[in-house]
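Enquirer: Before I ask anything, here is the structure I am working with.
The values are calculated or read from the model by the stated rules, or taken from the named source; none is laboratory data. Everything numeric here is computed off the predicted structure, so don't read it as measured data. Methodologically, a virtual Cβ is constructed for each residue, glycine included, from the backbone with ideal geometry; neighbour enumeration extends over all protein chains shown. Side chains included, ligands, DNA and RNA excluded: accessible areas come from the protein's heavy atoms. Shrake-Rupley method; radii C 1.70, N 1.55, O 1.52, S 1.80 Å.
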Amino acid sequence: MSAFTFEAFCASARMQGFDEIVERRWKPDTALDTHTHAFSVKALVVQGEMWLRVGDETRHLLAGDTFALAREVPHAERYGKDGATYWAARRN
């Protein structure tokens, strides 16, 4: 995975029609209650671990895992003891 760079992620995301790409870094043990976003997202976890809850399903995500959410989908997030970083491509 080390050969895959943020620049390569950005280029791939833009080719797929995403218009905003960001790196999100979360502090250890951060938890976000259920919320929505006004954009769809496709993301790649690059460091740490997180739990993503959508409805009754919770996914445990580690570096190398991906996730996607449509616009306005209610979800909650929790980050591990070492925090987490992911690259997120957003379609506004």
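Enquirer: Out of all the residues in segment 1-21, which are of a type outside the set (D, E, K, R) and in a loop (DSSP other than H, G, I, E, B)? Lay out the reasoning, then the answer.
Expert: As a first pass, look at segment 1-21 and keep what is of a type outside the set (D, E, K, R): 1-6, 8-13, 15-18, 21.
Across segment 1-21, the qualifying residues are M1, S2, A3, F4, T5, Q16, G17, F18.
Enquirer: Looking for whichever is within 20 Å of T5 (Cβ to Cβ) and in a strand (DSSP E or B) here; the options are R53, R24. Which one fits? Lay out the reasoning, then the answer.
Expert: Working: R53 fails: within 20 Å of T5 (Cβ to Cβ).
Step by step, each of R53, R24 is checked, and only R24 is within 20 Å of T5 (Cβ to Cβ) and in a strand (DSSP E or B).
Enquirer: Can you go through K81, K42 and tell me which one is out of contact with any strand residue (DSSP E or B) (no Cβ under 8 Å at 6 or more places or on another chain) and of a type outside the set (A, V, I, L, M)? Explain how you work it out, then say what you get.
Expert: Details: K42 fails: out of contact with any strand residue (DSSP E or B) (no Cβ under 8 Å at 6 or more places or on another chain).
Answer to the check: K81.
Enquirer: Can you name the condition, by its number, that G48 falls short on among (1) in contact (Cβ under 8 Å) with a residue 60 or more places away in the chain; (2) crowded, with 18+ Cβ neighbours inside 10 Å?
Expert: Evaluating G48 over (1) in contact (Cβ under 8 Å) with a residue 60 or more places away in the chain; (2) crowded, with 18+ Cβ neighbours inside 10 Å leaves (1) as the failure.
Enquirer: Cβ contacts < 6 Å: first residue without any contact (Cβ under 8 Å) to a residue 24 or more places away in the chain and over 15 Å from K42 (Cβ atoms), restricted to segment 56-84; second residue among the acidic types (D, E) and open to solvent by less than 60 Å² (accessible area, probe 1.4 Å), any location; separation 6+ or different chain. Result?
Expert: Correct list of pairs: L62/E49.
Enquirer: Could you identify the single residue in R78, R59, R71 that is part of a strand (DSSP E or B) and surrounded by 13 or more Cβ atoms within 10 Å (Cβ to Cβ)? Step through it out loud before you land on a result.
Expert: Numbers: R59 fails: surrounded by 13 or more Cβ atoms within 10 Å (Cβ to Cβ); R71 fails: part of a strand (DSSP E or B).
The unique qualifying residue is R78.
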